[in-house]
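Notes follow the structure.
The values are calculated or read from the model by the stated rules, or taken from the named source; none is laboratory data. Computed from a prediction, not measured in an experiment: that's the story for all the values here. All Cβ positions, glycine included, derive from the backbone under ideal geometry; neighbour counts span all protein chains shown. Areas reflect the complete protein model, heavy atoms only, side chains present, ligands, DNA and RNA absent. Shrake-Rupley method; radii C 1.70, N 1.55, O 1.52, S 1.80 Å.
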Amino acid sequence: MPQPGLINLVRMTKPVTNWQERYLNNEIGWDIGEVSSPLKAYFDQLTNKQLKILIPGGGNGYEAAHLHQQGFENVFLLDIAPKPLADFSSKYQSFPKEHLIAGNFFKHQGTYDLIVEQTFFCAIDPSDRQLYAKKVHELLVQNGKLMGLLWASEMNSDRPPFGGSKLEYLSYFDGLFSIKTLEEAHNSITPRAGNELFLLAEKISLD
């Protein structure tokens with residue numbers, strides 16, 4: 001069994017066609033079993049517990065659980081697979097059921113102060129990355145922020161996880177966001193050290 005966190009070493013044995021099936025079969029090599037340390041560090045310096053936060057492709061929801069336990073009241077977890085949401089609901093029964101959304105991120109409607117990126121961007125087809133940037137921009141309030149982690153190197157070309165480069169990522173966000181940080185994460189978990197970029201971007205107006 002792969003060591004948790006070694007997504008850069010995990011090679012999917014078949015094309016991803018059904019995320020629900022992967023959760024049912026426990027084929028979740030990207031899952032590290034806890035909130036990612038760079039994300040936790042960012043969360044722990046936030047003081048406004050009323051921020052409306054969306055975690056798309058959130059899977060088992062470690063980030064949502066941490067935020068909820070720290071008193072954040074408006075955290076929303078979205079995943080196309082129902083199983084991890086059902087498991088999360090059973091485990092964290094005080095988490096609002098209406099904040100667990102089974103659906104397609106690209107069809108989701110709402111407004112948020114913060115959107116969290118954690119192994120979702122690398123799971124979508126690279127041809128949808130520009131659409132991802134536009135959808136995040138659409139969902140954020142003015143001056144809302146996108147925060148998270150992106151892979152720092154090329155990975156698979158035919159199946160997730162899909163990697164990339166800083167220059168490539170900047171091309172998607174150009175004109176939509178003011179990039180505050182896109183640099184190598186200094187506090188990654190050991191298996192991912194040197195292979196993660198920490199992203200903090202602020203929505204800019206298109207008017």
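Restricting the stretch 29-41 to residues that are in a loop (DSSP other than H, G, I, E, B) and touching a helix residue (DSSP H, G or I) at 6+ places or on another chain (Cβ under 6 Å) leaves a set whose member that is farthest from LEU77 (Cα to Cα) is GLU34.
Can you pull out the residues in the stretch 153-171 that are in contact with a Gly (Cβ under 9 Å, 6 or more places away or on another chain) and modelled with pLDDT of 95 or more? None - no residue of the stretch 153-171 is in contact with a Gly (Cβ under 9 Å, 6 or more places away or on another chain) and modelled with pLDDT of 95 or more, so the list stays empty.
Take the stretch 170-189 and flag every residue that is in contact (Cβ under 8 Å) with a residue 24 or more places away in the chain and of a type in the set (Ser, Thr, Tyr). TYR172, SER178, SER188 - these are the residues of the stretch 170-189 that are in contact (Cβ under 8 Å) with a residue 24 or more places away in the chain and of a type in the set (Ser, Thr, Tyr). Restricted to strands (runs of 3 or more DSSP E) entirely inside the stretch 42-158, those with at least 1 residues that are aliphatic (A, V, I, L, M), farther than 20 Å from TYR23 by Cβ and open to solvent by 10 Å² or more (accessible area, probe 1.4 Å) are 140-151.
Kindly list the number of the only condition in (1) more than 17 Å from the chain's Cα centre (by Cα); (2) in contact (Cβ under 8 Å) with a residue 12 or more places away in the chain that fails for ASN60. Result: ASN60 fails condition (1) only. Quick check on my filter: what residues within the stretch 81-112 are aromatic (Phe, Trp, Tyr) and farther than 23 Å from LYS134 by Cα? Once the filter is applied, which keeps residues that are aromatic (Phe, Trp, Tyr) and farther than 23 Å from LYS134 by Cα, the stretch 81-112 yields PHE88, TYR92, PHE95.
In the stretch 159-190, the residue that is most open to solvent (accessible area, probe 1.4 Å) out of those that are within 27 Å of TRP19 (Cα to Cα) and in contact with a Pro (Cβ under 8 Å, 6 or more places away or on another chain) is ARG159. The requirement of being among the small types (Gly, Ala, Ser), at pLDDT below 95 and within 30 Å of GLU184 (Cβ to Cβ) is fulfilled somewhere in the stretch 8-30, by at least one residue. For the stretch 114-124, the criterion of being more than 14 Å from the chain's Cα centre (by Cα) and more than 26 Å from GLU27 (Cα to Cα) is satisfied by no residue at all. Looking across LYS49, LYS91, one residue alone is more than 22 Å from LYS145 (Cβ to Cβ) and of a type outside the set (A, V, I, L, M). It is LYS91. Within the stretch 14-27, the only residue that satisfies the criterion of being touching a helix residue (DSSP H, G or I) at 6+ places or on another chain (Cβ under 7 Å) and crowded, with 17+ Cβ neighbours inside 10 Å is TYR23. Within the stretch 27-41, the residues that satisfy the criterion of being among the small types (Gly, Ala, Ser) and under 18 Å from ASN195 (Cα atoms) are GLY29, SER36, SER37, ALA41.
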